[in-house]
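**Q** Let me give you the structure first, and then I'll get to my questions.
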Amino acid sequence: GTPDTRTPTGAETGAAPTANGQQGAYLTTAQGARLRDTDHSLKAGPRGPVLLQDHHLREKITHFDHERIPERVVHARGTGAHGSFTSYGTAAGLTRAAFLKKDAQTPVFVRFSTVLGSRGSADTVRDTRGFATKFYTDEGTFDLVGNNIPVFFIQDAIKFPDIIHAAKPHPDREIPQAQSAHDTFWDFVSLHTEAQHHTIWNMSDRGIPRSFRTMEGFGVHTFRLINNAGETVLVKFHWKPKLGVHSLTWEEAQLICGVDPDFHRRDLYDAIEAGAYPEWELGLQVFPDTPEETFAGIDLLDPTKIVPEELAEVQPVGRLVLNRTPTNFFAETEQVAFHLGNLPPGIDVTNDPLLQGRLFSYVDTQLTRLAGPNFPQIPINRPHAPVNDMLRDGFHQQAVHAGVAPYRPNSLDGGNPFEAGDAENAFVDVPVRVAEAPKIRANPVSFDDHFSQVRLFWQSMSPVEKEHIIAAYTFELGKCYEQAIKQRQLQCLANVDPLLCEQVAAGLGMPVPEPAQPVTEVTPSPALSQMGQTWPAD
Ligand code: HEM
């Protein structure tokens, strides 16, 4: 095989940075020639023009001119931290993934983010928060790319460009810079009513977290685990914060946007540097892997649906501690690249059509954002497992590969097809049956229920949380210019709950519409209330 020529760096080992550019005691050019003066350009006499031959001036300014890379197309504003994940071993019977065996310790990097704002936007706006975790496992990297809200706006990735175009600032005026309060957003969610569930979470206190340290995280999609016996289960991933779930009030969130737009970022760094390490417990909701892929009548492939915790308990499987801030924001937080296809043996994807599209999108965007196919070689993205791939060349290639035959089998570089014993520890796609069905652009019928879980969320809130939700809808819809859009959203609220609809309509001074369909009964889920989220006793 080809030797792994990638050397670990400070970012990976926790040691002081030793990257190119910070070696030796002298200031040099990028080529290592010592410099005497970096403050004066080379001129034809003290009052003369600057000479084109000044290679130091040109190198310094040219590099600076190319310092910026594109911000992420979504989740542009982020804050990262290093830490470690310790497994309890409670999932060892469900998956062969070694990092979930008892007492296994795995280094991690987490990036928290807002979704809609640009890189320089404020932290405390009303928005969904990203919660992306890179587990550097001995069997290859596992990326759990989740949010602080357990459902998503859409059911099929083909609509992702549409919802993001609707939710980002208007194309004409670039307003608002970072919030959901505008016509295109409400136009989209009132027309594509599967978005109503995610929207009510945004309008609840979950949309304005107090701290990253007090957020839950959710993998959203259903994943499939496979154990050594080849048995499978379906699971949903949950992060539970040790400090419990807490939010800002709307007034606090607005004031902080002005007074300290870096509020969440500062809070995370300050906590870690003070030794108050943030902690989360990772838990699994576990469902039998039946051909229908449903649980208690809920379609597990529909990312706009949750399974209430009262129906499927979240089983703790390990603990995450964040204990080190990045050394360099650009190198780590900005250059980190998550991908849902980064899966270790024992964890596999399902046919959720949103998940399927995400499997394509992340690497695709990173090819532009990080300029070419070799971004897995950037220090923060390097796996901690040995890498021996057959990928070669490309922009920014760092490895000096040996040998002449990057294909297998080969008879020149001693390349056997694969080492013996691979069946035990290699990634094997779970051989799930694929239905014999005609090609079709359509959703399963079960995806058509857009309101019962919105009602479930609303009915599960405490009185004060309900007040906040009414106030949020009223404020945000009040920012819309188009009456017809507000009216259509009120129609959606009528389909959810008469009281919610009446109160928001009263706040907007608009008529109360009748529900378009019968409002069905739901059993509230106390765990959905922030008050229901507490850290299990030690
Ligand atoms: C970025 C979560 C749906 C495309 C992100 C990030 C998170 C996230 C946390 C930030 C990653 C980071 O910190 O670098 C989610 C969740 C989704 C979802 C939980 C739904 C369950 C989608 C869909 C698509 C998509 C459906 C496209 C079809 C992207 C892209 C980025 C991104 C292109 C930027 C990645 C980069 O530049 O590195 N997403 N996302 N996401 N997401 Fe999603």
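**Q** Cα extents of the chain along the three principal axes, largest first, in whole Å?
**A** 78, 70, 51
**Q** Sticking with this structure for a sec: Just flag the chymotrypsin sites (Phe, Trp or Tyr not before Pro) in the stretch 467-531 sitting in loop per DSSP whose Cβ has no more than 13 other Cβ atoms within 10 Å.
**A** Passing both the DSSP loop test and the Cβ count: 481.
**Q** Using a Förster radius of 22 Å, what is the FRET efficiency between residue 411 and residue 390 based on their Cβ-Cβ separation? Nearest 0.05, please.
**A** On the way: r = 16 Å, r/R0 = 0.71.
For R0 = 22 Å, the calculated efficiency reads 0.90.
**Q** Okay, moving on. Between residue 330 and residue 30, what is the FRET efficiency for a Förster distance of 22 Å, r being their Cβ-Cβ separation, to the nearest 0.05? Write down the numbers at each step before the final one.
**A** On the way: r = 17 Å, r/R0 = 0.78.
It comes out at approximately 0.80.
**Q** Rounded, prolate or oblate: pick one for the stretch 454-511, where a ≥ b ≥ c are the square roots of the eigenvalues of its C-alpha gyration tensor, a/c under 1.5 means rounded, and failing that, prolate if a/b is larger than b/c, else oblate.
**A** Details: a/c = 2.17, a/b = 1.58, b/c = 1.37.
Since a/c reaches 1.5 and a/b is larger than b/c, the shape of the stretch 454-511 is classed as prolate.
**Q** A further question on this structure: Which of the residue pairs 159/236; 236/466; 134/242; 168/466; 240/479; 102/134 have a Cα-Cα distance greater than 25 Å in the structure shown?
**A** The pairs that break the limit, which is 25 Å between Cα atoms, are 236/466; 168/466; 240/479.
**Q** How are the C-alpha pair distances of the stretch 210-280 spread across 10 Å bins, as whole percents from the shortest bin up?
**A** 17, 33, 26, 15, 7, 2
**Q** Hey, another quick one. How about the stretch 126-199: which trypsin sites (Lys or Arg not before Pro) there are in a DSSP loop, with at most 13 other Cβ atoms within 10 Å of their Cβ? Mind dumping the intermediate values first?
**A** On the way: sites: 126, 129, 134, 159, 173; in loops: 126, 173.
Loop-located and lightly packed - 173.
**Q** Just from the alpha-carbon atoms, what are the Rg and Dmax of the stretch 31-127 in angstroms?
**A** Over the stretch 31-127's Cα set, Rg and Dmax evaluate to 25.0, 78 Å.
**Q** Karplus couplings for the stretch 74-91 from phi (6.51 cos²θ - 1.76 cosθ + 1.60, θ = phi - 60°), rounded to Hz, Gly and Pro as x?
**A** 9, 6, 5, 8, x, 9, x, 7, 8, x, 9, 10, 10, 8, 7, x, 6, 9
**Q** Roughly how many whole Å is it from the C-alpha centroid of the stretch 279-354 to that of the stretch 124-139?
**A** 10
**Q** Considering every pair of different Cα atoms, what Kirkwood radius, in Å, is found for the stretch 130-261?
**A** Details: mean 1/r = 0.0583 Å⁻¹.
Evaluated over the stretch 130-261, this radius sits at 17.2 Å.
**Q** Can I ask one more? What spacing in nm lies between the two simple spin-label points modelled at residue 252 and residue 361, each 7 Å away from Cα in the Cβ direction?
**A** Those two pseudo-labels are separated by 3.1 nm.
**Q** Here is a further query. Could you tell me which of 89, 79, 63 has its Cα farthest along the dipole of the stretch 57-112 towards the positive end, charges placed at Cβ (Lys, Arg +1; Asp, Glu -1), taken about the Cα centre?
**A** Final value for the positive-end residue is 89.
**Q** Please report, in whole Å, how far the alpha carbons of the stretch 341-483 spread along each principal axis, starting with the longest.
**A** Result for the stretch 341-483: principal-axis Cα extents of 71, 40, 32 Å.
**Q** Measure off 7 Å from each Cα along the Cα-to-Cβ vector at residue 467 and residue 50, then give the distance between these two points in nanometres to one decimal.
**A** 6.1
**Q** What do you get for Rg/Rh over the stretch 277-364 if you use C-alpha atoms and the Kirkwood form of Rh? Before the final figure, lay out the partial values.
**A** Details: Rg = 16.7 Å, Rh = 16.2 Å.
With Rg and the Kirkwood Rh in hand, the quotient comes to 1.03.
**Q** Report the one residue of 345, 275, 318 whose Cα lies farthest in the direction of the positive end of the charge dipole of the stretch 206-353 (charges on C-beta: Lys and Arg +1, Asp and Glu -1; origin at the Cα centre).
**A** 275
**Q** Show me the trypsin sites (Lys or Arg not before Pro) within the stretch 354-404 that DSSP assigns to loop and that have at most 16 other Cβ atoms within 10 Å of their Cβ. Write out the running numbers ahead of the final one.
**A** On the way: sites: 358, 369, 392; in loops: 392.
Answer by residue number: 392.
**Q** Under a plain spin-label model, where a point goes 7 Å from the Cα along Cα-to-Cβ, how far apart in nm are residue 228 and residue 397?
**A** Placing both labels 7 Å beyond Cα along the Cβ direction yields 4.0 nm.
**Q** Counting each pair of different Cα atoms once, what's the Kirkwood radius of the stretch 429-480 in Å, rounded to one decimal? Numbers along the way, then the final one.
**A** On the way: mean 1/r = 0.0657 Å⁻¹.
For the stretch 429-480, inverting the mean 1/r across all distinct Cα pairs yields 15.2 Å.
Rule-based calculations on the coordinates, nothing more; no lab input. These numbers come from a predicted model, not from an experiment. Counting neighbours? That spans all protein chains shown, and the Cβs are built from the backbone with ideal geometry, glycine included.
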